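Written out below as structure tokens is the structure these notes cover.
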């Protein structure tokens, strides 16, 4: 026994891509796509014998359009079984907004007016000569446009991100170079300080040595003077 999902899938396969209702008098084009006879009429300009497939835009000749009898029979059976009504919840079938003027589902999108319309609106004089898409195709079209418009922004973002990355790398390199230079300066000044300390010690040593030499000479001279004074004092004592 077919499941609700299988029935829903079958019903969707029997929907006209233009009006999104069960096929009525389906016509098959050379490309293999099928549409309701009434839905296909606006695709052929008045007085012309050729048109473009609404689905794939491939040209077709009116003389090559044939009734899709198998699809017509299946659509009629589906209509009798009311497969186009009350789709099971969760079946994925689209819930359409309703045209406030005609109380019909807004299943089409007018490319000129850039808004949703129903099948009755489509045939009104104000929409004569307009191009129509299914809502799903219109959504895809504008999604593609949005994607295309986002491409330059994405490219600019990627470029900016790349510049930012290089700037961060330069900043890290600057910090590394600065730390290396500070270390080098510290090492050089430490070496200079060591040299100065050694020179200081040498100079202090020289001064201490010089002081010692002078001290010895001065003490020796002082000793000689002391002896001379003592000798003179002794001489004076004798004379007196």
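Overview of results
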| read-out | value |
| --- | --- |
| Flag if residue 150 is exposed (fewer than 10 other Cβ atoms within 10 Å of the Cβ) and either in contact with a strand residue (DSSP E or B) (Cβ under 8 Å, 6 or more places away or on another chain) or modelled with pLDDT under 85 (or both) | no |
| Positions within the stretch 42-56 being farther than 13 Å from residue 129 by Cα and either in contact (Cβ under 8 Å) with a residue 12 or more places away in the chain or not assigned by TED's automatic domain parsing to the domain that holds residue 30 (or both), in sequence order | 49, 50, 53, 54, 55, 56 |
| Tally, over the stretch 47-67, of residues that are part of a loop (DSSP other than H, G, I, E, B) and under 13 Å from residue 31 (Cα atoms) | 7 |
| Lone unmet requirement of (1) closer than 18 Å to residue 14 by Cα; (2) at pLDDT 85 or above; (3) in a helix (DSSP H, G or I) for residue 77 | (2) |
| Residues of the stretch 113-141 satisfying the condition of being assigned to a helix (DSSP H, G or I) and either surrounded by 13 or more Cβ atoms within 10 Å (Cβ to Cβ) or over 29 Å from the mean Cα position of the chain (by Cα) (or both) | 119, 120, 121, 122, 125, 126, 127, 135, 136, 137, 138, 141 |
| Residues of the stretch 23-33 classified as surrounded by 21 or more Cβ atoms within 10 Å (Cβ to Cβ) and in a strand (DSSP E or B), total | 2 |
| Some residue of the stretch 153-163 being within 30 Å of residue 133 (Cα to Cα), part of a helix (DSSP H, G or I) and free of Cβ contacts under 8 Å to residues at least 60 places away in the same chain | yes |
| Odd one out for residue 32, checked against (1) within 23 Å of residue 111 (Cβ to Cβ); (2) at pLDDT 85 or above; (3) within 42 Å of the chain's Cα centre (by Cα) | (1) |
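The values are calculated or read from the model by the stated rules, or taken from the named source; none is laboratory data. Quantities reported herein were computed from a predicted structural model and do not represent experimental measurements. Positions of Cβ are backbone-derived with ideal geometry, glycine not excepted, and every protein chain shown enters the neighbour counts.
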